[in-house]
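One structure is given here, and the rest of the page talks about it.
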Amino acid sequence: MSSLESITQFIKQDIIVDNLEVVDSIDEIEDDAQLIGDGLDLDSIEVLDLVVSIEKKYNLKFKDYPEQTIQEKMKNVSTLASFVHEQVEAQTTAEAC
């Protein structure tokens with residue numbers, strides 16, 4: 001099971017710092033930093049890489065969710081991590097039944 005903290009860490013360190021190289025250090029990323037526009041200012045390719053990395057790691061498919069939901073959940077690091085955590089928890093619960 002993945003905790004909210006470990007998911008946040010994965011998004012910040014593994015994806016944003018190590019893979020996308022948007023910033024040099026995890027300390028430069030606020031949880032409420034916007035992913036698109038002001039804040040981290042990810043471009044479309046970087047957003048795609050972010051989504052693919054999350055899908056692979058957590059066995060999610062963003063296309064399975066309404067576009068409006070994804071837009072809301074990708075507002076910032078915190079909302080994205082919370083969304084991923086909720087979906088992972090739901091998968092774990094479904095698998096346990």
Might you check whether a residue that is touching a strand residue (DSSP E or B) at 6+ places or on another chain (Cβ under 8 Å), in contact (Cβ under 8 Å) with a residue 24 or more places away in the chain and among the aliphatic types (A, V, I, L, M) occurs anywhere in segment 39-54? yes
Restricting attention to segment 12-32, does a residue exist that is free of Cβ contacts under 8 Å to residues at least 60 places away in the same chain, touching a strand residue (DSSP E or B) at 6+ places or on another chain (Cβ under 6 Å) and assigned to a loop (DSSP other than H, G, I, E, B)? yes
I want to confirm something. Restricting to segment 75-96 and keeping residues that are aliphatic (A, V, I, L, M) and modelled with pLDDT under 95, which single residue is nearest to D41 (Cα to Cα)? A90
Just to be sure I understand, how many residues within segment 74-97 are assigned to a helix (DSSP H, G or I), over 16 Å from S53 (Cα atoms) and not hydroxyl-bearing (S, T, Y)? 7
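The values are calculated or read from the model by the stated rules, or taken from the named source; none is laboratory data. These figures come from a predicted structure and were not determined experimentally. Every residue, glycine among them, receives a Cβ derived from its backbone with ideal geometry; neighbour counts consider all protein chains shown.
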